[in-house]
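Asker: Sharing a structure here in structure tokens format.
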Amino acid sequence: MFASGALGVDVLCMAVFLLASLVALCWQKAVWVGHSAGMLASAGLAVAGLFGLLQPQLHKTQAQLMVRSSIHSFTSIVYRTNPLSDFFLLLIGSVGLLVSLYGVGYVREYRQEKGAVSVSLLLAGVLAFLASMASVVLAGDVFTFLVSWESMSILSFFLVMYEHERSEIQRAGFIYVVMTHLGTVFLTVGFFVMAHYAHSYQFSEFSKLDMPTTAKSLVLLMMLVGFGTKAGLIPFHIWLPRAHPVAPSHVSALMSGVMIKTALYGFLMVVFLFFGVGQIPLWWGMVVAAIGVPSAVLGILYALLQHEQKRMLAYSSIENMGLLFMGVGVSMLLFSLHQPDFAAFALLAVLVHSLNHALFKSLSFLSAGSVLASTHTQNLNLLGGLMRKMPWTAVFALIAALSISSMPPLNGFVGEWMLFQSFVMLAIIRASLWVHIVAILLLFALTGTGALVAMAFVRSFGMTFLGMPRSEAVTNAKEVSWTMRIGMGALALACVLLGVYPFWLLRLLEPSIRLLTLVDPVGVSPSIGMNNISWLTMIPAPIHSTIGNFEPLSIVLALLVMALLSLWLFRRYGNRASGKKARTVGPVWSGGMTVDGRMAYTASGYSKPVRIAFQQLFRTSRQLSVTEGDEHFPKRLLYVHRIPPFAETYLYRPLVSALLVAANVIRKVQNGQVQSYMAYLFLTLLFVLFLVR
Amino acid sequence: MVSLQVLSVGLMLTTISLLYWKRIVTAIRILALQSFFLGFIAIWMAARTGTSDLYVIAALTILVKGLGIPWVLNYTLKKIDIHRETEKLIGRELSLLAGGALLVVAYVTTSKLKISGMDVPHGVLAISIAMLLIGLLMMMTHKKAIMQGIGLVVMENGLFLAALLLTYGMPFLVDIGVFLDIFVAVILISMLTYRMDRVFQSTNTDHLRRLRG
């Protein structure tokens, strides 16, 4: 048993999580112990990850913690760290810390509603869930990885089922548990195939994998299905928009922000660490990028049509995972086209964007949770005008929305800009025509997705916080407690800081990139080397040019100058028409009528143009019926529009019904008649006899 | 060697004729006769190889299969006291034809087998396989539970014969175990037949079709 310092801290943190989870489970008075231990251990994980990234030379000493439970090497527990897992630990720890802080206030509502026992259950579940996610990224062999992966899935299933009384949640939980197990089957088979070729279950041996390319391709496809299920890639996503929204909001934040990232971790580990970047067939990258495209485009299109805020955020998570896998695919393509520097840049973009997504997506979920806790509804059509009631939440939600829509001074822009740059690189390097066409199509997908994301979040923010209240739910809303505000505020601050000053993150990621791609980001190539740029200026475009470079600080300065200028202009000239200092406060001019919340643009109305434009895709069913009054003088109308979920309609339902038909055919075999069972035996016997002959 | 051939032809004839008889009592008698033949083969084998274990086995065969099992079956038949005739899914002629076909199958499949150390004619092995298949055919085609018990014993006889020919009998303990198994199986079948008769007023296995997917 040997462990270096950082790994020791990691394992200690996991132990603290589990212990605190037990304490919270057994001793309901001690909820505060659980809360504080959770925050402490999360902070510990984040610091250990940060330390590991800052001191990458420590990893050279192959730190491994091994607990052999038996003589069989298969059932031993092995943990190890490397810069990739350090990065994901940092992600888990930092988001986990802030989400735990938010959770302190958020679970209070459940305490009134469901009692103290159930709150401590929730707390215990969240703590164990954090431990299992850390265990996934630290796992050092197949057994540890699969056990951690399954515990993560099952714990998150329990958390999804927290409000198990409601039937739609039972259904969501069922679909989740089925899908996640399907995914794990593929992962298990894939890992065993690799273990067969590596002659070992240790991940450290996997990096010297000697496999024929066909077997590698097969394993890659299995991993794509297995990890794609967890990542919510279309068409394996059907659990995600059901399960993520129904969990308690801070759990949703963890699931959407962090848990689905472990799938990215696993995929990167298999492709870049185990298979190596030496010989990646061209079609691997094409497949990975191609599975990302529908996830991104369809994900955001469906997000745009959702009424429930958290469900919309869940679809947006699908979209972001799609972008990330597109980035991974482009990186693989660039590797197979022998452009390792550009490929490293693309991978860097993926990692940067995954941290950014973890931050802004959990912030979005937390602010949606605040709205939900305060108004008890997440139907966008019933909200509106919340900004006056909940100013803090509104500001944080605005930051999250701007960041997701990749508005420049915020962190979302950095990742998407880098992704965009790497796609451009793919388009302009010397390669075959098909690669160029693929690159152009990917660029189309990326930019189109970006536009739709902006629209979706303008809609979501506007319908929630701006305008007039559309129901009583809003009038009784009040601002959430300070722990929740601190949790959201810290995330918002991180979004702003990483947007204004992203170099810190890029420098931090150097060891991870070096590990994954064997490309030294410092100094190898003038195009992506980061030490030949000034710290305070810009992220260089990977291709030498002056227009592609991105200077966050100057953007911030320009925005500040413009804001101040417009404020000054408004002060100077704005009130001149009505005379100086003559300010009247009154309702919006309404043409003689009293303005009513019902007159405001609804969320459904706002996204209607998109729905019409893509109606061939959505196949919306619309129904207008008169519920009161007669046909010619209706008093009340009921308008129902339903969007059939496409993956279920076109893929899963036919699959399930085919399965049922096949099962019915096979069922005829079991007809209950003793004689026919004997006939089966008889025929088998005859068959075997002839085989022997 | 001639006596072995005579006895094995006797086994084959009894097996085939089991497909033909209509009355259950006759079938039980034929089964007893078959078991006696088998016992004599075991004695012949014991005399030929000089294995004393085989004498015990032969005695057990005659006692258990020749006397014990037929007595249990007869007793059950007396207890339920109705429908003394067999009921089958296929007619007698067709089942005779099937029995002949199975005999051909057995000869064809065993003719090419090369078994070292077997110093008896191949035909006897074919008969053992044929007995096994025909026993299974009986279990398949008969509707009455008691006839399925008889089919089971025929199958077991076939297996026993094969073991006797190929390895001069299985290890002693295994043989004893098999005897116990088959005896218990027949007793169970008898008890079940009796129960079925009490519940359904019939021993037709068509009534046992509720357990299915």
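Asker: Suppose the Debye formula is applied to equal point scatterers at every Cα of segment A:597-671; what is log10 I(q)/I(0) at q = 0.11, 0.24 Å⁻¹?
Answerer: -0.55, -1.11
Asker: Ok, one more. Viscosity 0.692 mPa s, temperature 37 °C: Stokes-Einstein D of segment B:109-213 from its Kirkwood Cα radius, in µm² per second?
Answerer: Result for D is 211 µm²/s.
Asker: How about A:K261: which lysines have a C-alpha closer than 30 Å to its C-alpha, ignoring those fewer than 8 places off in the same chain?
Answerer: Counting by Cα, and skipping residues close in sequence, A:K261 has these lysines nearby: A:K60, A:K208, A:K216, A:K230, A:K310, A:K361.
Asker: Pairs of alpha-carbon atoms within less than 8 angstrom and 6+ residues apart define the contacts here; what relative contact order does segment A:341-437 have, in percent?
Answerer: The value is 36 percent.
Asker: Follow-up. Say each of B:S52 and A:L638 gets a label point 7 Å from the Cα, pointing the same way as Cα to Cβ; how far apart are those two points in nm?
Answerer: 9.5 nm
Asker: Sticking with this one: Mind jotting down the three principal axis lengths of segment A:646-692 based on Cα atoms? Whole angstrom, largest first.
Answerer: Projected onto its principal axes, the Cα set of segment A:646-692 covers 50, 27, 7 Å.
Asker: Also, quick follow-up: Could you calculate the contour length gain from B:H122 to B:E93, that is, 0.36 nm times the residue separation minus the distance between their Cα atoms, to one decimal place in nm?
Answerer: That works out to 7.6 nm of additional length.
Asker: For chain B, find the longest principal axis of its Cα atoms and tell me its angle to the long axis of helix B:145-167, 0 to 90°, nearest 10.
Answerer: 10 degrees
Asker: Between A:F174 and A:Y501, what's the calculated FRET efficiency when r is the beta-carbon distance and R0 is 45 Å? Round to 0.05.
Answerer: FRET efficiency, A:F174 to A:Y501: 0.50.
Asker: Now a separate question. Amide H to amide H under 5 Å from A:M468: which residues, 5+ apart in sequence or cross-chain, H placed 1.01 Å off N in plane?
Answerer: So A:M468 has HN proximity to A:G385.
Asker: By counting other Cβ atoms within 10 Å of each Cβ, how are A:V193, A:V640, A:V136 ranked from fewest to most?
Answerer: Sorted ascending by nearby Cβ count, the order is A:V640, A:V193, A:V136.
Asker: Next up: Filter the cross-link list B:K78/B:K144; A:K29/A:K478; A:K668/B:K88; B:K22/B:K144 down to pairs whose alpha-carbon distance in this structure exceeds 18 Å. Please report the intermediate quantities before stating the final value.
Answerer: Numbers: B:K78/B:K144 15 Å; A:K29/A:K478 28 Å; A:K668/B:K88 22 Å; B:K22/B:K144 12 Å.
Distance filter (> 18 Å) returns A:K29/A:K478; A:K668/B:K88.
Asker: Can you sort B:S190, A:S85 from fewest to most other Cβ atoms within 10 Å of each residue's own Cβ?
Answerer: B:S190, A:S85
Asker: How large is the charge dipole for chain A, taken about the Cα centre, if only the Cβ atoms of Lys, Arg (+1) and Asp, Glu (-1) carry charge, to the nearest 20 debye?
Answerer: In debye, rounded to 20, chain A gives about 1440.
Asker: How big is the dipole moment of segment B:11-98 about its Cα centre under a simple scheme where the beta carbon of each Lys and Arg is +1, that of each Asp and Glu is -1, and everything else is neutral? Debye, nearest 20, please.
Answerer: Working: 10 positive and 5 negative charges, 38 e Å.
Using Cβ point charges on Lys, Arg, Asp and Glu, segment B:11-98 gives about 180 debye.
Asker: Let me see the P(r) profile for chain A: every Cα-Cα distance counted, bins of 20 Å, each bin given as a percent of all pairs.
Answerer: 17, 49, 27, 6, 1, 0
Asker: Then there is this: For A:Q55 and A:A662, what is the calculated FRET efficiency with R₀ set at 60 Å and r taken between the beta-carbons, to the nearest 0.05?
Answerer: Taking R0 as 60 Å, the efficiency between A:Q55 and A:A662 is 0.60.
Asker: Also, I was wondering about something else. Given a cut-off of 19 Å, what percent of all Cα-Cα pairs of segment A:105-218 lie beyond it?
Answerer: On the way: 3758 of 6441 pairs.
In whole percent, the long-distance tail amounts to 58.
Asker: For the peptides B:127-134, B:10-17, A:467-474, what is the packing order when you average, over each peptide's residues, the other Cβ atoms within 10 Å and list the highest mean first?
Answerer: Highest to lowest by the protection proxy: B:127-134, B:10-17, A:467-474.
Asker: Sticking with this one: I want the local charge near A:V95. Using Cβ-Cβ distances under 13 Å, sum +1 for each Lys or Arg and -1 for each Asp or Glu among the other residues.
Answerer: Local net charge: +2.
Asker: Moving on. Suppose R0 equals 56 Å; then what is the FRET efficiency for A:V185 and A:E479 from their Cβ-Cβ distance, rounded to the nearest 0.05? Provide the component values of the computation, followed by the final result.
Answerer: Numbers: r = 46 Å, r/R0 = 0.83.
In this case the efficiency is close to 0.75.
Asker: Can I get the semi-axes of segment A:285-570's equivalent ellipsoid? Compute them from the C-alpha gyration tensor as square roots of 5 times the eigenvalues, in angstrom, largest first.
Answerer: For segment A:285-570, the semi-axes come out at 35, 22, 16 Å.
Asker: Given 0.36 nm per residue, what is the gain on full extension from A:R572 to A:V117 after removing their alpha carbon distance, in nm?
Answerer: Working: separation 455, 0.36 × 455 = 163.80 nm, distance 6.02 nm.
That pair, A:R572 and A:V117, stretches by 157.8 nm at full extension.
Asker: Relative contact order (percent) for chain B, with alpha-carbon contacts under 8 angstrom and 6 or more residues of separation?
Answerer: Answer for chain B is 23 percent.
Asker: Averaging sequence separations of C-alpha pairs under 8 Å and six or more residues apart, then dividing by the length of segment A:285-570, give the relative contact order as a whole percent.
Answerer: Dividing the mean separation by the residue count of segment A:285-570 yields 22 percent.
Asker: Something else now. In µm²/s, what is D for segment B:2-206 at 20 °C and 1.002 mPa s, where D = kT/(6 pi eta Rh) by Stokes-Einstein and Rh is the Kirkwood radius from Cα pairs?
Answerer: 125 µm²/s
Asker: While we're on this one: Evaluate the distance, in nm, between pseudo-label points positioned 7 Å from the Cα of A:R598 and of B:V174 along their respective Cα→Cβ axes.
Answerer: Each label point lies 7 Å from its Cα, and together they span 8.8 nm.
Asker: Additional query: What is the percent of Cα-Cα separations in segment A:229-323 that go past 24 Å?
Answerer: Result for the distance tail: 24 percent.
Asker: Using DSSP H assignments, which helices in chain A have an axial alpha-carbon span of 18 Å or above and a mean Kyte-Doolittle hydropathy of 1.6 or higher? Mind showing how you got there, number by number?
Answerer: Values: long enough: A:5-26 (31 Å, 2.34); A:31-54 (34 Å, 1.57); A:83-114 (43 Å, 0.53); A:116-138 (33 Å, 2.34); A:142-160 (27 Å, 1.75); A:167-198 (46 Å, 1.04); A:213-231 (25 Å, 1.17); A:282-304 (34 Å, 1.89); A:309-336 (40 Å, 0.80); A:340-375 (51 Å, 1.17); A:391-404 (20 Å, 1.91); A:411-428 (26 Å, 1.19); A:433-465 (48 Å, 1.82); A:482-500 (26 Å, 1.71); A:552-569 (25 Å, 2.48); A:653-667 (21 Å, 1.27); A:674-692 (27 Å, 2.10).
Sorted by number, the helices that extend far enough and score high enough are A:5-26, A:116-138, A:142-160, A:282-304, A:391-404, A:433-465, A:482-500, A:552-569, A:674-692.
Asker: Mind jotting down the distance between the C-alpha centroids of segment A:444-491 and segment A:238-296, whole Å?
Answerer: 25 Å
Asker: To continue, here is another question. Got a sec? How would A:K261, B:K78 order by Cβ neighbour count within 10 Å, fewest to most?
Answerer: Going from least to most buried by this count: B:K78, A:K261.
Asker: Here is a follow-up. Express in nm, to one decimal, how much length is gained between A:V561 and A:A215 on full extension, taking 0.36 nm for each residue of separation and deducting their alpha carbon distance.
Answerer: 118.8 nm
Asker: For segment A:152-300, what is the charge dipole size about the Cα centre, in debye to the nearest 20, if Lys and Arg each add +1 at the Cβ and Asp and Glu each add -1 at the Cβ?
Answerer: 120 debye
Asker: By how many degrees, between 0 and 90 and to the nearest 10, does the Cα long axis of helix B:92-111 differ from the longest principal axis of chain B?
Answerer: Orientation of helix B:92-111: about 30 degrees from the principal axis.
Quick note: the coordinates plus some simple rules give every number you see, no bench work behind them. What you see is a predicted model; the values in this text were computed from it and never measured. In this analysis, Cβ positions are derived from the backbone assuming ideal geometry, glycine residues included, and neighbour counts consider all displayed protein chains.
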